[in-house]
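Report on the structure given below.
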Amino acid sequence: MLIGIDLGGTKIEVLLLDETGHEVFRKRLPTPQGQYAAILQTIKQLVDEAEQHAGQTCTVGIGTPGAISPATGLIKNANSVVLNGKPLPTDLENLLQRPIKTENDANCLALSEATDGAGAGAAVVFAVIVGTGTGAGIVVHGKVLTGANAIAGEWGHNPLPWPTASELPGKPCYCGQQGCIETWLSGVGFEAEYRLATGSKRASADIVRLAEQGDTQAEALMQAYEERMAKSLAHVINILDPDVIVLGGGMSNIQRLYTNVPQRWGKYVFSDQVSTRLVAPQFGDSSGVRGAAWLGASSLPGKSGY
């Protein structure tokens, strides 16, 4: 049996799967804020409980914010800053007394959806998390593409492509650059655009509802968002040419994106037609923890050599 852990900023979730992908046990606990040692103990508690249900020792995979630096073996680029600079994989292996597999949470989303989700059977899957930030993971023929610097899929920290005059020079990003895709497409960036246009502060879900009700400013903002997402994903298609792009994160709940964005991206893609599909995650916000569990599999359903 396979245990997956999703280490989030507000919650830590455990999932127990059998080797066919059937869910056996699931539980969430709050993430101890700013307490690294307590985070480790919470993970151990969840693994222990899952193994009590399994009646056996299981493989463990974990999805984390940020990435493991190939140079140091330490966590880097995590928005849960208490993890940065910590030897999380080593500490967990010592605590759990077994090897574990660790991947970025977006990579886990991609692996889940490529294995038995919305991208099952596809050769190349690009899975996007568009929420507080904007990250992505890549799976090629059933294998996570991590990259030489452990940053494969970090499309959010590239500049918005084909910017209009009004989009230049772009807003400052926490990474130190300006005009990053994340500053436009994240939920935070979307809400900031609405506040700038109207002087009113609203959550992204409220802005979408206003557009549905015919509010002209909200609708204009939605159309601008769709155009920016189309340009940004077209850039990915021109480089990676994925079969499937899966949208995850809070902004993925905007249903009109799945129709409107593909209608817009064709003029930016260097091809006479675009066969790439834009789809919602089959497993919703549970998908990342499923991918973490699949990290421990010796092979994946319908695939070999993983």
Using a 1.4 Å probe and counting only protein heavy atoms, arrange Phe25, Phe283 so the residue with the most accessible area comes first.
Phe283, Phe25
The answer for the chain, counting only DSSP H helices whose Cα atoms cover 20 angstrom or more along the axis and whose Kyte-Doolittle average is 1.6 or greater, is none
Taking protein heavy atoms only, a 1.4 Å probe, and rounding to whole percent, the accessible area of the chain owed to carbon and sulfur comes out at 51
Charge dipole (region 161-306, unit charges on Cβ, about Cα centre) - positive-most of Phe270, Leu196, His235:
His235
Correct semi-axes for region 1-91, from √(5λ) of the alpha-carbon gyration tensor and rounded to whole Å with the largest first, are 24, 14, 11
Whole-number D in µm² s⁻¹ for region 108-262, Kirkwood Cα-pair radius fed into Stokes-Einstein, 25 °C, 0.890 mPa s
153
Estimated dipole of the chain in Debye, rounded to 20 [Cβ of Lys and Arg +1, of Asp and Glu -1, Cα centre]:
360
Volume in Å³ per residue [convex hull over Cα atoms, computed for region 75-152]:
111
What percent does the relative contact order of region 1-154 come to when contacts are Cα pairs within less than 8 Å and at least six residues apart?
17
Per residue value of the accessible surface for the chain (all protein chains in place, 1.4 Å probe), Å²:
44
Cross-link reach list, lysines versus Lys27, counting only Cα pairs under 24 Å and skipping chain neighbours closer than eight places
Lys11, Lys44, Lys101
Normalising by the residue count of region 135-280, find the relative contact order in percent from Cα pairs under 8 Å and 6+ residues apart.
17
Ser275: accessible area at probe 1.4 Å, nearest 10 Å²?
90
Which value, in Å³ per residue, describes the convex hull spanned by the Cα atoms of region 1-44?
58
Mean separation of Cα contacts under 8 Å, 6 or more apart, over the residue count of the chain: relative contact order %:
21
Convex hull over the Cα atoms of region 1-159, averaged projected area in nm²?
9.4
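The values are calculated or read from the model by the stated rules, or taken from the named source; none is laboratory data. What you see is a predicted model, and the numbers here were worked out from it, not measured in a lab. Here Cβ is always computed from backbone atoms with ideal geometry, including for glycine, and neighbour counts include all displayed protein chains. Ligands, DNA and RNA are excluded from the accessible area calculation, which covers all protein heavy atoms including side chains. Shrake-Rupley method; radii C 1.70, N 1.55, O 1.52, S 1.80 Å.
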